[in-house]
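Below: the structure, in structure tokens.
No value in this document is a laboratory result; all are computed from the given coordinates. Predicted model, so just to flag it, every value in this text is computed and none were measured. Positions of Cβ are generated from backbone atoms using ideal geometry, with glycine treated the same way; all protein chains shown enter the neighbour counts.
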Amino acid sequence: MARKAVVTLLLLIFGVAQLWATPKDSIPQHLSAEIRPAYNIISHHALRGTYTNGDALESTLSANLQYSFSLPKRNPLSEIYPTTYQGIGVGVYTFYHDNFTGTPIAIYILQGARIADIGERLSLGYEWNLGASWGWLPNEVMNSRYNVMLTLSLPLSWRIGQGWELYIAPYFNHFSNADTHFSNSGSNLLGLRLGATYHFNEDKTRVDARRYISPSEKYKKSTFAQHLSYDIILYGGWRADRFIQDGHIYLTDKALPLGGMHFQPHYHLNDHFAIGASLDIQVDSSLNLYARTTDYSKPLSICRPTLWEQTEIGLSLRGEIKAPIFTIGASVGLNINKQGYDMSRLYAQFSLKAFLTKRLFLYVGYRFNSHQYTQNMMYGLGIRL
């Protein structure tokens, strides 16, 4: 099935590229097809072949198709971000034991840019993918049909002719259900992206715009003024939890809701970077659950602690990388209201803001803590003041 998907996607990109060989408008657009062979880092004993007749699930392959666009020349930001592109992608994955893992399909957003030129035809860049995947078979590794996908890569691109590029990119990929189900050992892939890209509407002006521009040149063109901004974010999510009592492990029977808010002042250093702090408040109904019983032969009744014992209040330092549409953030914080075993004193958060307007944005975040690692996803809406 994977080989058929690879052939189909490769034929599709070459066919579409020929149909669209004549420029249609002024927006630079890009279509890529690729395969992604990878090594699956063993994170659970089940991946060593426990349920697959002794065959370890060490190899994976996917076929991916991506569409992206760059800012048109008429957009003032195109001079500040001349090589940045963003778009969407879809991929079909196989772990060669589809009766255990299923055949996942992922759909994701993406963004990338050129980092440096290496001669006239070679260039090095970066690209990230973030999305959702479905079609998994629940198992002991990831007990969910739906999982989050995150990919980071460094493409090395070679221009082979007008509009065409070939590329190879080492990449890291993470699949996880973000603790919405147990278990959640996740799947971590190390591999290569091998593909081709066709650039629509690429004329002489477009080629010149893709050349490397030094930071000093960018800042000469930029009219940026350093300033403060204030982000207010409301979010929700859900999470499964387990707790240990009297040497016994108990699982909650369903994913439980959580919600929170961030207040984030930022100081914008330039067009690309901002630093700041954040007040993080999260109420998580899966925290510090317990059971009152001494007869373990009977069904347990799970009890909830007080609201205060399920509220995390933290202060964090953060930084943001800014680009068209998307802003990537990372923070490290201290929980000043640590209550019980389930809460951690230290935590970290990674986030993505997708701006719908200059002030309104969608928010997706990933929270980690120091003793349970992945804690929960955050999905919300924010406003910049």
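Here are the numbers for the structure shown:
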quantity: Modelled FRET efficiency - R0 41 Å, ARG74 with SER301, Cβ distances, 0.05 increments; calculated: 0.05
quantity: In Hz, Karplus ³J(HN,Hα) per residue of the stretch 27-41 (6.51, -1.76, 1.60; θ = phi - 60°; x = Gly, Pro); calculated: 8, x, 10, 9, 10, 10, 10, 7, 10, 10, x, 7, 9, 8, 5
quantity: Residue-wise HN-Hα coupling along the stretch 312-320, computed from phi with Karplus coefficients 6.51, -1.76, 1.60 (Hz; x: Gly, Pro); calculated: 9, 10, x, 10, 9, 9, 9, x, 9
quantity: Gain on full stretching of the segment that runs from THR311 to TYR341 - 0.36 nm per residue minus C-alpha separation; calculated: 9.5 nm
quantity: Long-range amide H partners of PHE273 with built H, under 5 Å; calculated: LYS322
quantity: Cα-derived Rg to Rh of the stretch 227-384, Kirkwood definition; calculated: 1.06
quantity: ³J(HN,Hα), Karplus 6.51/-1.76/1.60, whole Hz, each residue of the stretch 346-357, x for Gly, Pro; calculated: 9, 8, 9, 9, 10, 9, 9, 10, 10, 7, 7, 9
quantity: Modelled label reach - LEU156, point 7 Å along Cα→Cβ, the stretch 94-118 residues with backbone N closer than 15 Å; calculated: 115-118
